[in-house]
Each structure stands twice: as structure tokens, then as C-alpha cells.
Amino acid sequence: MVDNGPSSPSDSAAGDSGARFDLIVLGGGSGGYAAAFRASELGMRVALVEKDKVGGTCLHYGCIPTKALLHAAEVADSARDSAQLGVKATFEGIDVDGVNKYKDGVVSRLYKGLQGLVKANEVTLIEGEGRLVGPNTVEVDGARYEGRNVVLATGSRSSSLPGLDIDGEKVLSSYEALALDRVPSSVVVLGGGVIGVEFASVWRSFGADVTIVEALPRLVPAEDEAASKVVERTFRKRGITAKTGARFSGVQHTDDGVSVSLENGETVDAEILLVAVGRGPVTDGLGLEDAGVAVDRGFVTTDERLRTSVPGVYAVGDVVHGLQLAHRGFAHGIFVAEDIAGLNPVPIDDAGIPRVTYCDPEVASVGLTEAQAVERLGDDKVETFEYNLAGNGKSQILKTQGFAKLVREKDGPVLGVHLVGARVGELISEAQLIYNWEALPHEVASLIHPHPTQSEALGEAHLALAGKPLHVHG
Ligand code: NAI
């Protein structure tokens with residue numbers, strides 16, 4: 001509940017020290033602006049504090065620009081491979097300025113739209129760096145604002161390893177990599193997680209020599225093992241070198257780049273090193289400790305309703321331990337606004353949030369991996385089925401390989417859906433309905449999937465698990 005009920009907008013001007021709000025949101029990224037917009041829709045008077053640009057990492061330095069690069073990479077590959085389809089086209093190379101112009105154009109149109117939404121939602125935008133100076137008070141550039149409720153939505157930043165300095169020249173994080181004005185001739189990508197495989201995929205399509213160094217035994221180690229196998233196989237065919245089970249030990253600058261050494265004694269030389277070993281929460285300097293907000297290794301501690309240890313202070317998105325995904329941030333933001341308004345929304349379960357890695361081939365999943373399901377229920381209670389995209393007409397047309405894998409509880413609901421192949425990210429929304437509604441395979445099997453689409457692979461996998469396979473031998 002809003003402590004005293006939402007108040008109507010008063011005449012306090014934005015920027016006035018002492019202005020009072022129903023909600024002050026610190027951070028204007030996916031989580032923060034979603035909280036602000038929803039709260040405003042619910043009649044609250046809202047301030048959004050942002051030191052850079054509304055839209056945050058996702059819009060300006062993350063999801064959107066990287067997916068634009070990945071689309072340009074796909075177009076480059078299509079041009080290269082066009083003869084396979086009988087289309088005569090010549091691939092002449094990458095015009096990095098042109099690619100960046102396209103990417104920046106996408107970002108700036110979305111940014112304009114978002115700025116319009118801030119106004120349309122009558123959210124007061126306070127530009128500057130905010131910090132908590134009491135449970136209900138936020139200070140921005142010396143001015144103080146009172147909020148009945150405060151949402152911490154300050155996001156995350158690239159992490160590095162001890163002693164590994166991101167210099168922005170030869171050793172980059174994704175932030176600098178996105179602004180690069182050239183295609184590097186060779187790259188070492190440190191970390192074979194989401195950021196690592198996405199950049200490896202882009203750079204390879206753009207013509208670079210790429211080596212991924214991943215400490216764990218497989219690429220995309222958070223995904224189902226079967227997905228890692230297809231990614232590794234396809235990357236190998238694409239000429240990307242993956243060194244898995246390989247730990248980084250150091251980097252030296254050379255005349256023309258870097259020399260990266262691994263704990264096994266190997267060294268790999270390249271023009272640049274991309275560090276993609278995870279992202280850490282941005283909570284330093286926010287005054288959390290003084291305000292009494294509990295923090296654990298930098299992440300804000302919350303309960304399942306995203307309440308911090310201080311009444312009236314919430315946290316959303318990447319500052320809360322768990323999946324670091326923009327759409328989780330959106331969902332958190334909406335949840336908190338509705339919770340404050342007393343609408344009693346249902347808490348968000350991380351396992352039900354769809355995950356997409358946009359490398360080529362794409363990886364998309366929701367729910368539990370096979371290993372997680374077995375760990376939770378025991379080997380004898382878990383059944384899986386893998387439908388190979390070789391049997392899917394549209395995938396053949398697209399010349400993509402991969403699968404739709406289902407993990408279910410024996411005689412029970414679907415517990416996990418795992419997809420690999422071109423464009424499968426677009427299929428995961430149906431999969432998340434299946435998982436989140438705890439659908440039984442025979443219920444999904446009775447739904448009709450349009451032919452020829454890749455969505456049929458999901459239909460076929462459920463038909464098979466329901467005991468009536470159509471295009472596979474059961
Ligand atoms: P990540 O956690 O996905 O991957 C980091 C990888 O680095 C791990 O596989 C880890 O084993 C490896 N690593 C750590 N230390 C190492 C060492 N010393 N030597 C070799 N390898 C080492 O983190 P990433 O890729 O940096 O992404 C950060 C966050 O951003 C993730 O939570 C990710 O989900 C999110 N993100 C999501 C995207 C999407 O949804 N498509 C796109 C980009 C980022």
C-alpha cells in the first residue's frame with residue numbers, strides 16, 4: 001500500500017530541493033523506468049533520477065546496440081552464403097562507420113520514444129547522480145527530495161578479474177567494444193557466457209579471428225548441456241576457436257595488441273582482449289550502508305517482494321541477485337509499483353523468465369535444465385525429448401541446425417524448454433507460457449502450430465512427449 005494513498009501532482013517544480021513524491025526511483029534503466037511509468041499510471045507522483053540517459057545500459061550500451069550488430073552480422077553472413085540459395089550477391093566487407101550509424105540510429109529513435117514516454121507519463125526526470133541520505137530522502141547534486149517510497153534501480157557494470165585492467169584500448173569491456181571504430185583482425189574473448197559468445201559471433205561474421213577462453217568445461221555454461229554442444233559445434237564450423245576449461249592467468253601488451261596467457265601455459269596473441277566475465281551491481285556510493293539498506297557482496301538484499309531491509313525502500317533489476325536481464329528488470333519495476341499501490345502482484349520467479357542468447361546459432365530457454373530437474377526430482381522422475389530441427393521445414397529453408405528440447409516431470413508438467421538454432425529467440429515466448437502455466441505435454445500437443453514455421457518444432461516435441469509423434473520415430 002502507498003502509506004497515505006497516492007497524492008495528486010502538486011505544484012512543486014522539478015529540481016526544487018524538498019520536493020515530495022510518492023515514489024523516487026534511482027536509476028532510469030529498464031527496471032527503473034518501468035517502475036516509474038507503472039507507478040505514474042497508478043496515480044502516484046513519481047521522480048526518476050538518472051545521471052546519464054534514460055534507457056540505461058540495455059538501450060544505450062547493451063541489448064539494443066548489440067542486437068543491431070548481431071543483425072548486421074547476420075546480413076553479412078547471408079550475403080556471403082547467398083550463392084547457396086542461388087542468389088548472386090558479392091560480399092565486399094564491413095563498413096564499420098555504416099554499421100555504427102545503423103546501430104546508433106536504432107538506439108536514438110528508441111531513446112527519443114522513451115523520452116516522450118517520460119513526459120507523457122508525467123514522470124519528473126531529475127538529471128544527476130542520486131544517493132540515499134535517509135530512508136525517505138534522496139540527494140541529487142545537493143538538492144534533497146522526499147519520497148514515501150524509494151526504488152533502487154542502479155543496474156550493473158562490467159566486472160573484471162583481479163589485476164586485469166580494462167584500459168579501453170587493447171583490453172575492452174562490452175562498453176568499449178560497442179563503440180569500436182574498426183573490425184579487429186583478431187580477438188581473444190575472455191568468458192564464454194552470454195556477452196562472450198554474442199561478441200565472438202559478431203566479430204567472426206565481420207571477419208575477425210576469434211578465440212574464446214572459458215574457465216568452465218563448456219560455452220554458455222548456464223544453459224542445458226545439449227545447447228552448449230550445438231553452439232560449440234557450430235562455432236567450430238564457423239571458424240571460432242573455443243578454449244574451454246581454460247583459465248586466464250595474465251595479459252601483456254605487445255606492439256600490435258595483447259598476449260593472453262592461460263594457466264595451462266598456453267598463450268594467445270590478438271589485437272584486442274574482450275573481458276566478459278560477468279557484471280557486478282552498481283551500489284557503491286549510493287549511501288545504502290548509512291541508510292541501513294542491507295547489501296550482500298554488492299547486491300541489495302531483498303525478500304521475494306523486492307523489499308529491502310528498510311521499510312519503503314525497494315530494489316529492482318540487476319542490483320538484485322539473480323538473472324541480469326532487461327525484461328526481468330521491467331517485470332521487477334512493474335511488480336514494485338503495483339505492490340506499493342496495494343495491488344498484491346504475484347512475486348516473480350526467476351526460473352520462469354525466458355533467456356535468449358543472440359549468437360549464431362541463437363540459444364533460448366526457460367525453466368530448468370535437464371541437470372537441474374534431475375537434481376531437484378531425481379533421475380527416475382525426469383523425462384526429456386529432443387526434436388532435431390532437421391525435421392522442421394522452415395529450419396531447413398533457413399539452413400539452420402539445432403533442436404527443441406523438452407524437460408518434463410514424468411507424468412507431470414513441462415519443467416524446461418531449450419531451443420537452439422537461427423531465430424529461436426522468437427519462439428521462447430510460447431515456451432514461457434507452457435512453463436509458467438505448468439502445461440502438460442498432451443495439452444500443448446492439442447494446440448495447432450502453423451506450417452511451415454519453426455514453432456512446429458515445439459508442437460512436434462510436445463506431440464512426441466504426449467506419445468503421438470508425427471514427424472519423428474517415438
Ligand atoms: P556470464 O556470467 O554470462 O559469463 C561469464 C563467463 O566468464 C562465465 O561462463 C564464466 O565461467 C567465465 N569466466 C569467469 N572467470 C573466468 C576466468 N578467469 N577465465 C575464463 N573464464 C572465466 O557474464 P557475461 O557474459 O559477462 O554477461 C553478464 C550479464 O549480462 C549476464 O548475466 C548476462 O545474462 C547478461 N547479458 C544478457 C544478454 C542477453 O540476454 N542476450 C546479453 C548480454 C549480457
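The values are calculated or read from the model by the stated rules, or taken from the named source; none is laboratory data. For clarity, every value in this text was computed on a predicted model and none was experimentally measured. In this analysis, Cβ positions are derived from the backbone assuming ideal geometry, glycine residues included, and neighbour counts consider all displayed protein chains.
Quick check on region 412-442: of everything there that is of a type in the set (Gly, Ala, Ser) and in contact with a Ser or Thr (Cβ under 7 Å, 6 or more places away or on another chain), which residue is surrounded by the most Cβ atoms within 10 Å (Cβ to Cβ)?
Of the residues in region 412-442, the ones of a type in the set (Gly, Ala, Ser) are 412, 416, 421-422, 425, 429, 431, 439.
Still in the running and in contact with a Ser or Thr (Cβ under 7 Å, 6 or more places away or on another chain): 416, 421-422.
Details: Gly416: 24, Gly421: 26, Ala422: 20.
This residue is Gly421.
Would you confirm, using the coordinates I've provided, whether Leu415 is in contact with a Leu (Cβ under 6 Å, 6 or more places away or on another chain), in a loop (DSSP other than H, G, I, E, B) and either of a type in the set (Phe, Trp, Tyr) or under 27 Å from Thr234 (Cβ atoms) (or both)?
Numbers: in contact with a Leu (Cβ under 6 Å, 6 or more places away or on another chain): yes; in a loop (DSSP other than H, G, I, E, B): no; either of a type in the set (Phe, Trp, Tyr) or under 27 Å from Thr234 (Cβ atoms) (or both): yes.
Answer is no for this residue.
Out of the residues in region 279-300 meeting the condition of being touching a residue at least 60 places away in the same chain (Cβ under 8 Å) and at positive phi, tell me which one is surrounded by the fewest Cβ atoms within 10 Å (Cβ to Cβ). Full working, then the answer.
First pass over region 279-300, keeping only residues touching a residue at least 60 places away in the same chain (Cβ under 8 Å): 279-283, 285-288, 290-293, 300.
Subset that is at positive phi: 285, 287, 292.
Numbers: Gly285: 9, Gly287: 16, Gly292: 13.
Top of the filtered list is Gly285.
Of Ala364, Ala326, Ala351, Ala315, which residue is of a type outside the set (Asp, Glu) and touching a Cys at 6+ places or on another chain (Cβ under 7 Å)? Walk me through it before giving the result.
Numbers: Ala364 fails: touching a Cys at 6+ places or on another chain (Cβ under 7 Å); Ala351 fails: touching a Cys at 6+ places or on another chain (Cβ under 7 Å); Ala315 fails: touching a Cys at 6+ places or on another chain (Cβ under 7 Å).
Unique residue meeting the criteria: Ala326.
From the list Leu343, Leu306, Leu323, pick out the single residue that is of a type in the set (A, V, I, L, M, F, W, C), touching a helix residue (DSSP H, G or I) at 6+ places or on another chain (Cβ under 9 Å), more than 16 Å from the ligand (Cβ to nearest atom) and under 30 Å from Thr66 (Cβ atoms). Quick ask: steps written out before the conclusion?
Numbers: Leu343 fails: under 30 Å from Thr66 (Cβ atoms); Leu323 fails: more than 16 Å from the ligand (Cβ to nearest atom).
One residue alone meets the criteria, Leu306.
Hey, any hits in region 190-201 for a residue that's crowded, with 18+ Cβ neighbours inside 10 Å, within 22 Å of Cys63 (Cβ to Cβ) and more than 19 Å from the chain's Cα centre (by Cα)?
no
Which members of region 55-114 meet the condition of being of a type in the set (Asp, Glu) and more than 16 Å from the ligand (Cβ to nearest atom)?
Step one: filter region 55-114 for residues of a type in the set (Asp, Glu), giving 74, 77, 81, 92, 95, 97, 104.
Passing the criteria: Asp77, Asp81, Glu92, Asp95, Asp97, Asp104.
In region 202-226, how many are near the ligand (Cβ under 9 Å from one of its atoms) and in contact with a Leu (Cβ under 6 Å, 6 or more places away or on another chain)?
1
Please enumerate the residues belonging to region 174-201 that are hydroxyl-bearing (Ser, Thr, Tyr) and near the ligand (Cβ under 10 Å from one of its atoms). Give the steps one after another, and end with the answer.
Keep residues of region 174-201 that are hydroxyl-bearing (Ser, Thr, Tyr), which gives 174-175, 185-186, 201.
Of everything in region 174-201, just one residue is hydroxyl-bearing (Ser, Thr, Tyr) and near the ligand (Cβ under 10 Å from one of its atoms), namely Ser174.
Yes or no: Gly28 touching a strand residue (DSSP E or B) at 6+ places or on another chain (Cβ under 7 Å), in a loop (DSSP other than H, G, I, E, B) and not assigned by the TED database to the domain that holds Gly207?
Numbers: touching a strand residue (DSSP E or B) at 6+ places or on another chain (Cβ under 7 Å): yes; in a loop (DSSP other than H, G, I, E, B): yes; not assigned by the TED database to the domain that holds Gly207: yes.
Against the criterion (touching a strand residue (DSSP E or B) at 6+ places or on another chain (Cβ under 7 Å), in a loop (DSSP other than H, G, I, E, B) and not assigned by the TED database to the domain that holds Gly207), Gly28 qualifies.
If you check every pair at least six apart or on different chains, which have Cβ atoms under 6 Å apart with a residue in region 203-226 that is without any contact (Cβ under 8 Å) to a residue 24 or more places away in the chain first and a residue that is surrounded by 20 or more Cβ atoms within 10 Å (Cβ to Cβ) and part of a strand (DSSP E or B) second?
Trp203/Val187; Trp203/Val210
Which of the residues belonging to region 301-329 are surrounded by fewer than 23 Cβ atoms within 10 Å (Cβ to Cβ), among the small types (Gly, Ala, Ser) and within 18 Å of Gly352 (Cα to Cα)? Don't jump to the end; show me each part of the working.
As a first pass, look at region 301-329 and keep what is surrounded by fewer than 23 Cβ atoms within 10 Å (Cβ to Cβ): 301, 303-305, 307, 309-312, 321-328.
Now drop any that are not among the small types (Gly, Ala, Ser), which leaves 309, 312, 322, 326.
Matches in region 301-329: Gly322, Ala326.
Report, by residue number, each residue of region 95-108 that is loosely packed, with under 14 Cβ neighbours inside 10 Å and within 14 Å of Lys53 (Cβ to Cβ).
If the condition is that a residue be loosely packed, with under 14 Cβ neighbours inside 10 Å and within 14 Å of Lys53 (Cβ to Cβ), then Ser108 is the only one that fits.
Arg236 passes all but one of (1) away from the ligand (no atom under 11 Å from the Cβ); (2) charged (D, E, K, R); (3) within 23 Å of Thr369 (Cβ to Cβ); (4) under 22 Å from the mean Cα position of the chain (by Cα); which number fails?
(4)
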